[in-house]
Amino acid sequence: MPELPEVEVTRRSFADAIAGARIQAVALGKPLRWPLGCDPMSLVGQQVLGLRRRGKYLLADTSGGLLLLHLGMSGSLRFSHGLPPAGVHDHFDLVTDRGTLRLHDPRRFGAVVYAPDEQAPVALKLLGALGMEPLSDSFSLATFQSGLKKSRMPIKPLLLAGRLVVGVGNIYASEVLFLAGIRPTAVASRVGAERVRRLHEAIRTVLTRAVQMGGSTLRNFSNADGMAGHFQSSAHIHVYGRDGAPCHHCGSAIRLLRQGQRSSYFCPLCQRA
């Protein structure tokens, strides 16, 4: 599933190109996770004012409202002139005078949703419960520590939930917990102040590095220019996908455990508690 770094990489790959574009046509394919929420023709003539990100949502501000785009489990966006005719897995085309924005999604868990503004009920339903943005100044160490202290959940599922901080997906959660020396099963409220500080710093560091490396491509992620990410194949990976391999720091075998439906990787020596 594309996570925050992949969505941010996608945003950066066409944000400048689409800003100021005039919408000329909208074409819908098979139904997605949620309905568009407006007559597609009502978007024609509007101008795309800019492209933002909130968590894993891309927010395209238009002169008449807001389009919220989500890549789901397997979605990707392309933005280009001269795209080929839409295929069976192409479900949304936003045709503009700068190029066509196309959502390709084989599993159809993605979405494009219209809202009049960010305070509309549909936008609040999707965005209202999201936690702090880890790459922004709003990612407060004090607020982060307070949120951990209030939770009796294991820390990795808490990070994945996105209610405290957004965008720490499965790959990145395993990596940041390793850097902080915290086992994935540790109860959040019992993590000491120094390890919380290291975790806060690691979240910023790992997600920033992932964005710089184009995100992670495990199956089919690519940005709007068709470029794959390289974080998952880099020397920066310490534990994710390395079960049985020696830890780069201590030599212990990396272990794998299941938390819910997710795989968690950790070093039993470097992450003792």
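The values are calculated or read from the model by the stated rules, or taken from the named source; none is laboratory data. Bear in mind that the values here come from a model prediction, so they are computed numbers and not experimental data. Backbone-built Cβ (ideal geometry, glycine too); neighbour counts: all protein chains shown. Surface accessibility is based on the protein's heavy atoms, side chains included, excluding ligands, DNA and RNA. Shrake-Rupley method; radii C 1.70, N 1.55, O 1.52, S 1.80 Å.
Candidates Leu103, Leu68: the one that is modelled with pLDDT of 95 or more, in contact with a helix residue (DSSP H, G or I) (Cβ under 8 Å, 6 or more places away or on another chain) and surrounded by 18 or more Cβ atoms within 10 Å (Cβ to Cβ) is Leu68. Within the stretch 246-263, residues that are touching a residue at least 60 places away in the same chain (Cβ under 8 Å) have Cβ atoms under 6 Å from residues that are surrounded by 12 or more Cβ atoms within 10 Å (Cβ to Cβ) and not in a strand (DSSP E or B) in these pairs: Gln259/Lys156; Gln259/Pro157; Arg262/Asn170, counting only partners at least 6 apart in sequence or on another chain. If the condition is being of a type in the set (Lys, Arg) and crowded, with 19+ Cβ neighbours inside 10 Å, then the stretch 1-40 contributes only Arg11. Can you find a residue that is assigned to a strand (DSSP E or B) and over 24 Å from the mean Cα position of the chain (by Cα) anywhere in the stretch 12-20? No, every residue in the stretch 12-20 fails to be assigned to a strand (DSSP E or B) and over 24 Å from the mean Cα position of the chain (by Cα). Residues of the stretch 1-32 that are modelled with pLDDT of 95 or more and touching a Ser or Thr at 6+ places or on another chain (Cβ under 8 Å): Ile18, Ala21, Arg22, Ile23, Gln24. With respect to being outside any loop (DSSP other than H, G, I, E, B), open to solvent by 10 Å² or more (accessible area, probe 1.4 Å) and either farther than 27 Å from Ile203 by Cα or assigned by the TED database to the domain that holds Ala27 (or both), Val88 falls outside the description.
It is to be established whether one or more residues within the stretch 188-200 are in a strand (DSSP E or B), over 16 Å from the mean Cα position of the chain (by Cα) and not aromatic (Phe, Trp, Tyr). Scanning the stretch 188-200 turns up no residue that is in a strand (DSSP E or B), over 16 Å from the mean Cα position of the chain (by Cα) and not aromatic (Phe, Trp, Tyr). Of note, Phe79 does not satisfy the criterion of being closer than 25 Å to Leu207 by Cβ, aromatic (Phe, Trp, Tyr) and part of a loop (DSSP other than H, G, I, E, B).
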